[in-house]
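One structure is given here, and the rest of the page talks about it.
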Amino acid sequence: MPAASPDGLRLHGVTGAGAIISGADGRQRLVAIGRDVLPGLTLVQMRVDHALLRSATGDLRLDFTGASASAVPSAPVASAEQDDTLRYRLGLAPHRVDGRVVGHEVRAGAALPALAAAGIRPGDVILSVNGSRLDEERVAELAWMLANSDRTEFEIERGGRPLRLSPPR
């Protein structure tokens, strides 16, 4: 039987990297699998329609409408998407200018075929994808964006020069 619902938790979305959850204060944040949503309450699994949280007293299913007392099986988020998300996180390093993250640099030896198809090479700094700045949250969503977008445009910096690149259709 799932644990009692902590007051105020709401599920806003799921990605290959984690779940977007808000607390009683209403602030949304991306919580990675294995991380605490609240002290002692850990995100252990995501499904298409809910997230599963674990505490010392049991499991809690957090639906998009709030906590639920029943556990209903549903399709898991594709593990291939989670693998791709991890690959992007490991293959891209935050690029800082004056102490501020302005994009992510492709690491040497990173196996990122979707980026290579767009002409992106190791050492390139990806500044934005489809007009959105590439911050930590976007890196976590990059695999999903590439798999689900009809057209993807990257704004990069190569050797100090800005470029726009898109993979062939």
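Odds and ends about this structure:
- Only the Cβ atoms of Lys and Arg (+1) and of Asp and Glu (-1) were treated as charged; on that basis the dipole of segment 79-165 about its Cα centre amounts to roughly 340 debye.
- Prolate/oblate/rounded call for segment 79-165, Cα gyration tensor, a/c under 1.5 rounded: rounded
- FRET efficiency estimate (nearest 0.05) - Cβ-Cβ, ARG158 to ASP98, R0 25 angstrom: 0.80
- Remark on HIS95: its backbone amide H falls under 5 Å from those of VAL102, GLY103, HIS104, GLU105, a criterion applied only to residues 5 or more positions apart or on other chains, H modelled at 1.01 Å from N.
- Residue order, fewest to most beta carbons within 10 Å, for ASP135, ASP150: ASP150, ASP135
- Positive-end residue, segment 92-169 charge dipole about Cα centroid, Cβ charges, pick of GLY159, LEU134, TRP144: GLY159
- Highest mean packing comes first when the peptides 108-114, 59-65 are listed by Cβ atoms within 10 Å, giving 59-65, 108-114.
- Modelled FRET efficiency - R0 25 Å, ASP150 with ALA116, Cβ distances, 0.05 increments: 0.80
Computed from the coordinates by the stated procedures, all read-outs in this text should not be read as laboratory data. Everything numeric in this text was worked out from a predicted model, so none of it was measured. For neighbour counting, all protein chains shown are included, and Cβ atoms are generated from backbone atoms with ideal geometry for every residue, glycine included.
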